[in-house]
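A short write-up of the structure that comes next.
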Amino acid sequence: MRIQKLISAFTALCLASGALISMPATQASAADETLTFDIQCAQDNRISIDSAALTEGDVEITISIFIPENPGVNAISLKLQVNDGEVAEDGSFGNYGFQLKGGKFAAPYCFDHANEGDSMMALSSIFTSENMNLSWIYNTDTTINADAYAESGTTSWNKDVSWAYDYAFATANLVIPQNTKPGQYVLDVRREKYVNSLSIGSSTPIYSRSLCKGADSAEALDFDTVPLVIQIEDTGSITTTSTTETTSTTSTTSTTSTTSTTSTTSIISTTSTTSTTSTTSTTTLPNTTSQVETTTDSTTTTSYIETGEPWEDSYQLFDEGHYYVFGNVCGAPGETVTVPIYIYGDTGTAGSMFYINYDPALKPVAIKNGLAYRLSMTTNPEGNPMAVTWATSNGTELVAADGACYLNLEFTIPEDAKVGANYAVGVCEYYDQDTFTEIINRDGITLDVRFVDGSITVVEDDAVALNYTKYNFTGINEILNLTLFHTTGSVVWSSSDETVATVDQNGLVTTVGNGNCTITATHGGKEYSCTIMIGLFGDVNRNGKVNVEDAMLALREYAAQLLFTNLLPEDQRLIADVTGDGKNTVNDAMAILRYYAASLTGRTESWYELTGNPLAPDAP
């Protein structure tokens, strides 16, 4: 029918595990309404219960949440509590034993005339009864407020309209526990920040709060509440009296709670880990070499002419193993830069068929020999992948010195490149199905060579900057060589969690275990950080599989951000961002869901085709 139906179907699927119509904005009243939530039982805000009724068992009453005044709203996130919530030291809510059951959005509910008051046609509508959390987002278009079910096109109203209390926003059953002590108990919206129940016990708790947002609103909406008062007394059976008590809050200035408070808003999330492929690499440029080039058809033969001593890196990157390491370089938009390829741990090489992949936004200029091997190579600098082949004439082996430059690759950065953009340059495993990257010894045996990809980063003139601010790995024992550009002194490297990834004092990162950590380079009194994520791509909750729960967490983070908050820590938000665009959106959640849906049929979807993320594991 329209795109919103697809999104709502996704929301419904998420809930199984636990059209964007633009209406004209009309006013039902000229008054300045304040968003108000009115909690009632039997059309009243006060109910009295004889304590004798609680000696035989729990008492269950039905509550309704109305919105009698509305200035226009696009998103609502509320946490309910009884009295002060009775918060324990670990942040969990006791609520004096009171519980909600069967929380749902009313049918028809007070919004969305076009869909006959069907809350499932909203972008997200989730009521987590056990945690007393309610989350609703009308539309991905934040310039649109929901209209009233009772009156088409009405996006604001007050309690004077005839239908203000005809249609509730949400309903639930409130369970009052057996033997509750006599006294007054108030069910109301919590105003203070609280700790998401999913993060209780974590060293980095996730904080949430009740927030509401209107169309095009730069700040959260102020809101009032009319709470429900439950009086437990020793006089008679259940009765109702008419009393209205109104409390108010400003959702932009809610009190910060230093100790936890529990629960999870329906837009909340938890752990995570992302993944992807690729590893990157090293530092400075080599000394000079000179070549004489002759062109034949589409290939170029480069003859080696030595003009200086072999270049030596200021440190040895690797203790053991045979490596080809692509350099990390930086430049300005439109500038031509050189990416070197270094060799380490060479045990003797007699020939190579080598293919190089690069970001198609880059313009290739040339491939030039370094000083690693003194021989001619046949190259194709115009191709993608680029091809480089060579062999010794008599089958003898050549040994490159550690840190010797194998090739220099020249590229021109796009004129319209933005500062911070990063373009990958690295090895390509094969040219076609029959032609693979292969490095051999004199016996024709393929050598065990590891490749560390490099990059070109766009930076401001002389600005100190890291080549990566976030990086995804698929598993352990992978390598990333971070480079801090434009330094004039020492750089101190550190890892926030060495059980996840280590870093040496040259910026060489090695993955150790699944999880997330931050690699920090300290230079000149300032810190420059890169978030490292290790694990299965799309596995937001890090349980070793990609399923609907991961999609739900991604959606809830998006919902939280519409309400000016975050429900995932930064590293988890990066993992939920499978599209790699730096934002958490519905597109991330839908991509995860589609990947999971394909797996149910025995198919494996391409993460790259689903997301377009160049860091996806199957990205070209």
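The values are calculated or read from the model by the stated rules, or taken from the named source; none is laboratory data. What you see is a predicted model, and the numbers here were worked out from it, not measured in a lab. Glycine also receives a Cβ, built like all others from the backbone with ideal geometry; neighbour counts cover every protein chain displayed. Only protein heavy atoms, including side chains, enter the accessible area calculation; ligands, DNA and RNA are left aside. Shrake-Rupley method; radii C 1.70, N 1.55, O 1.52, S 1.80 Å.
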Test result for Ala372, open to solvent by less than 20 Å² (accessible area, probe 1.4 Å), part of a loop (DSSP other than H, G, I, E, B) and modelled with pLDDT of 90 or more: no
If you go through region 134-152 one residue at a time, how many are assigned to a strand (DSSP E or B), buried (at least 21 other Cβ atoms within 10 Å of the Cβ) and out of contact with any Cys (no Cβ under 7 Å at 6 or more places or on another chain)? 4
Quick check on region 449-472. Is at least one of its residues part of a loop (DSSP other than H, G, I, E, B), touching a Pro at 6+ places or on another chain (Cβ under 9 Å) and surrounded by 15 or more Cβ atoms within 10 Å (Cβ to Cβ)? no
Region 471-508, subset aromatic (Phe, Trp, Tyr) and within 23 Å of Thr579 (Cα to Cα), residue modelled with the highest pLDDT: Tyr471
Helices (runs of 4 or more DSSP H) fully within region 509-620 counting 2 or more residues that are modelled with pLDDT of 85 or more and of a type in the set (Asp, Glu): 548-562
Output the residues belonging to region 391-407 that are within 19 Å of Glu438 (Cα to Cα) and surrounded by fewer than 21 Cβ atoms within 10 Å (Cβ to Cβ). Ala391, Thr392, Ser393, Asn394, Gly395, Thr396, Glu397, Leu398, Val399
Residues (of a type in the set (Asp, Glu) and open to solvent by less than 20 Å² (accessible area, probe 1.4 Å)) located in region 571-595: Asp577, Asp588
Name, by its number, the condition in (1) within 22 Å of Gly72 (Cβ to Cβ); (2) open to solvent by less than 30 Å² (accessible area, probe 1.4 Å); (3) in a loop (DSSP other than H, G, I, E, B) that does not hold for Thr155. (3)
Considering only region 106-132, how many residues are open to solvent by less than 20 Å² (accessible area, probe 1.4 Å), in a strand (DSSP E or B) and not polar (S, T, N, Q)? 2
Run Thr62 past the list (1) open to solvent by less than 30 Å² (accessible area, probe 1.4 Å); (2) assigned to a strand (DSSP E or B) and report the number of the one that doesn't hold. (1)
Right, Trp163: open to solvent by 30 Å² or more (accessible area, probe 1.4 Å) and farther than 20 Å from Arg556 by Cα or not? yes
Within region 522-574, count every residue that is in contact with a helix residue (DSSP H, G or I) (Cβ under 9 Å, 6 or more places away or on another chain) and within 17 Å of Ser199 (Cα to Cα). 17
Could you tell me how many of the residues in region 205-215 are assigned to a loop (DSSP other than H, G, I, E, B), open to solvent by 20 Å² or more (accessible area, probe 1.4 Å) and either modelled with pLDDT of 80 or more or in contact with an Asp or Glu (Cβ under 9 Å, 6 or more places away or on another chain) (or both)? 2
When you go through Glu527, Glu478, Glu549 one by one, which is the residue that is more than 30 Å from Cys212 (Cα to Cα), open to solvent by 50 Å² or more (accessible area, probe 1.4 Å) and more than 13 Å from the chain's Cα centre (by Cα)? Glu527
Among the residues of region 378-396, count how many are farther than 14 Å from Asn357 by Cα and touching a strand residue (DSSP E or B) at 6+ places or on another chain (Cβ under 6 Å). 4
Quick one: is Val419 among the aliphatic types (A, V, I, L, M) and surrounded by fewer than 20 Cβ atoms within 10 Å (Cβ to Cβ)? yes
Can you find a residue in region 560-570 that is surrounded by fewer than 24 Cβ atoms within 10 Å (Cβ to Cβ), over 20 Å from Ser606 (Cα atoms) and of a type in the set (Asp, Glu)? yes
Please verify whether region 69-83 includes one or more residues that are farther than 19 Å from Phe169 by Cβ and at pLDDT 95 or above. yes
Looking for something touching a Lys or Arg at 6+ places or on another chain (Cβ under 9 Å), open to solvent by less than 10 Å² (accessible area, probe 1.4 Å) and outside any loop (DSSP other than H, G, I, E, B) - is there at least one such residue anywhere in region 494-506? no
Candidate set from region 179-200 (those that are in a loop (DSSP other than H, G, I, E, B) and at pLDDT 90 or above); member that is surrounded by the most Cβ atoms within 10 Å (Cβ to Cβ): Arg190
